Amino acid sequence: MTDVEPTRPPGWMSSLLRQFMIQGSWNYRSMLGSGFAFCMIPLLRKRGLSGDGLDDAVRSHMDTFNSHPYLAGVVLGAVARMEGSGTETETIERFKRAIQGSLGGLGDLLIWGAWRPATILSALVLAWAGTPPWVPVCVFLVVYNGGHLALRWWGYSRGLQYGKDVGVQLQRAQLSRLAERAFKGGALLLGILLGVFLVSLFAAQDAGALWSLAGIAAFGLGLRFGHRALRGTTLIVVLVITLLTALGNA
Amino acid sequence: MSLAFLGGLLALDATSVGQFMVSRPIIAGTLTGWWLGDPALGLEIGAILELFHLAGVPAGGSRVPESGPASVVAVAVAMRAGGVAGLALGLAAGLVVSEIGGTTVGLQRHMVARFIESGSMTARKLTAVHLSSVLLDFVRGAAVTVAGLSVAGWLSGIFTSRWPLPYETTLALILVGACVHLGALLRGFGGLKSRRAVFLAGLVAGIVGAYL
C-alpha cells in the first residue's frame, strides 16, 4: 500500500520557483545535475543543514542527471520526500537513475513532440487567417503555458506526495494518452496549414500549379526523411536566397 | 542596445530561465516588431521563421538552432531592407543566426561543464556557478544578436536593391522550403498512416477555407 504524506516540507515553494531555472547551468558533464542540486538547496537548508553538512548534501545531488525540465519536479519532490523520511543516499541515487530516462522520454514526447508543435500550429493558423498580431501571440502563450505550468505543478506535488512510489502515479496519469490527443490535434492543424499553403502557392503569379506541385513534393520529402531533411533544407533555402541576391538586379 | 537586451532575454527563455516559449520565432518576431513599431511585419517574419523551426526537437541536450536572438535579427533586417527583399533577406539572416546561435549554446555548455568540474563544490559555489551560467547565457544571446544585427544589417544594406523576385514568387519559394519541415513534423506526429484521417480532414478544411 502506498504511504501518502499530504504535507509539504519546509522550503518547497522556494524549490518550486528555482525549478524555473533548473537548466541554468545545463552542461555536457552533469547535464541537469547541477541544476537539480541548486533546486534542492532550499529544502536542505530548511531541514537544518548548514556548513559542511549542507555542502556534503549538495555534492550528493551533483551527479549526472537528465530529465525533461518540466518533469524534473517529479524527481525533486520525490527526493525531498525520501530524504525527509530518512531514506539512504544510495537508494535515492538508484531511484534518480531509474526514473530519469522515462521522464526524459515522456517529456520529449508529450511536450517537445506533441504539445508545443500543436499549440504553435494553432498560432500559425490564426496568423495566416489574418488575425491581429496579438491574437496568435496571446492564444499560444496562454494555451501552451497553461499546460506547461499545470504539468510542472502536477509533477512536483505528486513527487512530494508519493515519494519513491511516484512512478505508479505517472503510469496511472497516462500522459502518453494526452500526447496521442495532441498528436491528433496537431495533425489536423498541420493539414489546415498545408491546405492554405497549397492554395497560396497555386495563386502565385508565375506557374502557380508548378509551385503547388513543388510544395507537395517538398512535403513528401519531409515526410520520407523526417529530421534528417531539416538542416539540408535550411541550407538550400539560404543558398537560393544568397544566389538570387548575388545574381539579381544590379 | 535595446535589441541586444531583447535578444539576451529571449536567449534565456529558450533554456536557462522559464522556458515559457517567448523565444519561439512567432512570439519573438512579433515582440521585436512591436519593439520596432511594426508588429504585423514582426508576426509575418516570425511566422515564416517558425515554419523552419517547428519540427526541431531538443531531445537529450542535442544541438538545435536557437530561435530567440535569430528572430530579433530577422525582423530587424526585414524592417531595414523593407518590402519583398526584406522578407527574403530577413529569413536568410534569421536561419543563419539560428545555426550560429545553436553552436554558441553548445560552446557555452562545454564552458559550464569546466566550471562545474573545477574543484570541490559547496552550496555557495554551486549557487554562484549556476547564476553565473544564467548571466553568461544572457550575454551570449545579446552578443549573438549584436553580431547578427551588425553583419546581416550591413549585408542587407548592400544587397537589398538586388532582390529580383516579386512578392508572390518569393513567398512561394519560401513556402516550398517550409513544406519540407511540415512533412517532417507530420512524421514526428506519427506519420501519414496513423494520422491520415485527421490530417486529410484538416487539409480539405484548409483548402476550402483559403478559397472562401
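The values are calculated or read from the model by the stated rules, or taken from the named source; none is laboratory data. None of these values were measured; they are calculated from a predicted model. Cβ atoms come from the backbone with ideal geometry, glycine included; neighbour counts cover every protein chain shown.
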Might you let me know whether segment A:144-162 holds any residue that is without any contact (Cβ under 8 Å) to a residue 40 or more places away in the chain, under 19 Å from B:G183 (Cα atoms), surrounded by 15 or more Cβ atoms within 10 Å (Cβ to Cβ) and at the interface with another protein chain (Cβ under 7 Å from one of its Cβ atoms)? no
Do we have any residue at all in segment A:44-57 that's part of a helix (DSSP H, G or I), more than 19 Å from A:F95 (Cα to Cα) and within 26 Å of the chain's Cα centre (by Cα)? no
Could you tell me whether segment A:170-182 includes any residue that is hydrophobic (A, V, I, L, M, F, W, C), in a helix (DSSP H, G or I) and within 7 Å of chain B (Cβ to nearest Cβ)? no
Filter segment A:115-130 for residues that are modelled with pLDDT of 95 or more and more than 20 Å from the chain's Cα centre (by Cα); the one that is nearest to the other protein chains (Cβ to nearest Cβ) is A:A127
Just to verify a result, which residue in segment B:192-212, among those that are surrounded by fewer than 15 Cβ atoms within 10 Å (Cβ to Cβ) and within 14 Å of A:A129 (Cβ to Cβ), is nearest to the other protein chains (Cβ to nearest Cβ)? B:Y211
Could you say whether any residue in segment B:30-50 is of a type in the set (S, T, Y), closer than 30 Å to A:Q100 by Cβ and either part of a loop (DSSP other than H, G, I, E, B) or not assigned by TED's automatic domain parsing to the domain that holds B:G177 (or both)? no
B:R109 meets each of (1) within 11 Å of chain A (Cβ to nearest Cβ); (2) under 16 Å from the mean Cα position of the chain (by Cα); (3) of a type outside the set (S, T, N, Q) with one exception, condition (2)
Would you check which residues across segment B:113-134 are surrounded by fewer than 24 Cβ atoms within 10 Å (Cβ to Cβ) and within 30 Å of A:L230 (Cβ to Cβ) and list them? B:A113, B:V134
Out of segment B:1-60, which residues are among the acidic types (D, E) and over 14 Å from A:P117 (Cα atoms)? B:D13, B:D38, B:E44
Which numbered condition B:E66 misses (of (1) among the charged types (D, E, K, R); (2) surrounded by 23 or more Cβ atoms within 10 Å (Cβ to Cβ); (3) at the interface with another protein chain (Cβ under 9 Å from one of its Cβ atoms)): (3)
Out of all the residues in segment A:19-28, is one or more assigned to a helix (DSSP H, G or I), under 27 Å from the mean Cα position of the chain (by Cα), within 18 Å of B:S16 (Cα to Cα) and of a type outside the set (F, W, Y)? yes
Residue list for segment B:1-29, filter: outside any loop (DSSP other than H, G, I, E, B) and either within 11 Å of the chain's Cα centre (by Cα) or under 21 Å from B:A55 (Cβ atoms) (or both): B:G7, B:L10, B:A11, B:D13, B:A14, B:P25, B:I26, B:I27, B:A28, B:G29
Given the structure, is B:V105 under 30 Å from A:P42 (Cα atoms), part of a helix (DSSP H, G or I) and in contact (Cβ under 8 Å) with a residue 24 or more places away in the chain? yes
If a residue must be assigned to a loop (DSSP other than H, G, I, E, B) and out of contact with any Phe, Trp or Tyr (no Cβ under 8 Å at 6 or more places or on another chain), how many such residues does segment A:183-207 contain? 4
Which residue pairs have Cβ atoms under 6 Å apart, sit 6 or more places apart or on different chains, and have a first residue in segment B:167-189 that is facing another protein chain (nearest Cβ under 7 Å) and a second that is of a type in the set (D, E, K, R)? B:T169/A:D206; B:F189/B:R195
Can you find, within segment B:117-142, the residue that is farthest from B:Q19 (Cα to Cα) among those that are without any contact (Cβ under 8 Å) to a residue 24 or more places away in the chain, part of a helix (DSSP H, G or I) and hydrophobic (A, V, I, L, M, F, W, C)? B:A123
